[in-house]
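Report on the structure given below.
The values are calculated or read from the model by the stated rules, or taken from the named source; none is laboratory data. Predicted, not measured: the structure shown is a model, and the values here were computed from it. Every residue, glycine among them, receives a Cβ derived from its backbone with ideal geometry; neighbour counts consider all protein chains shown.
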Amino acid sequence: MSASRATVLDIFRSLDRSNCGACGAPTCLAFAALVVQGRKKLAHCPRLGAEAGERFASLPDERREVEQRLAEARLYLKEKISAIDFGASPERLQARLVDDKLAIKCLGRDFMLDRQGEMTSELHANFWVYVPLLNYVLHCRGRELTGEWVKFDQLRDAMSRSDFFSMRCENELRRLADEHGELFFDVLSLFGRDAGELGFAADRTVLLHPLPRVPFLLSYARAEGAFASHLSLYFDRATDDNLDIESVFVLGMGLVEMFKRIVARHA
Ligand code: SF4
């Protein structure tokens, strides 16, 4: 494998995976992610051999690589949109047909999709939304929400990604909540609503709708005494019939990116 294409997994495989904590990260997987994000150096792991250090000497910007992959996927998916019957899609997608475009609510804002797969929005959309949204239009089965909430790893085909999901989405959101408290929840309230009535044992429960039939439920418990803070994301049981698991993952990453940016602007 060329060093220029090293990913979190590539680096993780080179570690001794003892989770000894000497690098300051809670686990080897967390350490690998921090290295790719440029927040840790490989040299911080005392157990890593010189050979691996040389191998990953020039780490790529993981974010840029993901963006490039998403841009390619977007081009591919756009071409397929013309085959969709827009007239028959609003109910399946919980969308509206407006001026021959599909209007789909994403975090409460309209995203307008035309028959060429071009999208416009009143929300300054980060590009992470586009690919999940195109996949939603193409593959959503229109299954009604069940009201049963499950963790990411209980969704179909999610097991192999669940560690990454909790590291890149839940842990990042927990860090934002720990560090910015009310500011973070004020930002969330711009895009979702308090869902305390659902009875989760948490200090804050927020319901977000990144896509109409794909809600995310965020529950956060503050640190208390010997107990660390905790943040979990939950999904409706019907999620995997309405969106592929890769797109759910990308949506989670997109939310993290967006909230990080907004919080940083207002902090
Ligand atoms: S020091 Fe190395 S082996 Fe120990 S947790 Fe960190 S990355 Fe893993």
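The set of residues in segment 75-123 being small (Gly, Ala, Ser), assigned to a loop (DSSP other than H, G, I, E, B) and without any contact (Cβ under 8 Å) to a residue 12 or more places away in the chain consists of Ala83 alone.
Considering every residue within segment 129-143, establish whether at least one is assigned to a strand (DSSP E or B) and either free of Cβ contacts under 8 Å to residues at least 40 places away in the same chain or of a type in the set (Val, Ile, Thr) (or both). Scanning segment 129-143 turns up no residue that is assigned to a strand (DSSP E or B) and either free of Cβ contacts under 8 Å to residues at least 40 places away in the same chain or of a type in the set (Val, Ile, Thr) (or both). If you filter segment 8-37 down to residues that are crowded, with 19+ Cβ neighbours inside 10 Å and outside any helix (DSSP H, G or I), you find that the one that is nearest to the ligand (Cβ to nearest atom) is Cys23. The sole residue among Leu255, Leu231 that is outside any helix (DSSP H, G or I), crowded, with 21+ Cβ neighbours inside 10 Å and not acidic (Asp, Glu) is Leu231. Scanning segment 206-226 for residues being outside any strand (DSSP E or B) and surrounded by fewer than 19 Cβ atoms within 10 Å (Cβ to Cβ) gives a total of 5. For segment 231-263, the tally of residues that are over 8 Å from the mean Cα position of the chain (by Cα) and either under 17 Å from Gly192 (Cα atoms) or modelled with pLDDT under 90 (or both) stands at 13. Comparison of Arg63, Arg69, Arg5, Arg55 shows that the only residue that is at pLDDT 75 or above and either away from the ligand (no atom under 13 Å from the Cβ) or under 23 Å from Val131 (Cα atoms) (or both) is Arg69.
Within the set Asp163, Asp203, Asp157, Asp186, the sole residue that is within 26 Å of Val35 (Cα to Cα) and surrounded by fewer than 19 Cβ atoms within 10 Å (Cβ to Cβ) turns out to be Asp163. Is it the case, given these coordinates, that Tyr130 is among the aromatic types (Phe, Trp, Tyr), surrounded by 17 or more Cβ atoms within 10 Å (Cβ to Cβ), closer than 28 Å to Tyr220 by Cα and in contact with a helix residue (DSSP H, G or I) (Cβ under 6 Å, 6 or more places away or on another chain)? Yes; evaluated as a whole, the condition is true for this residue.
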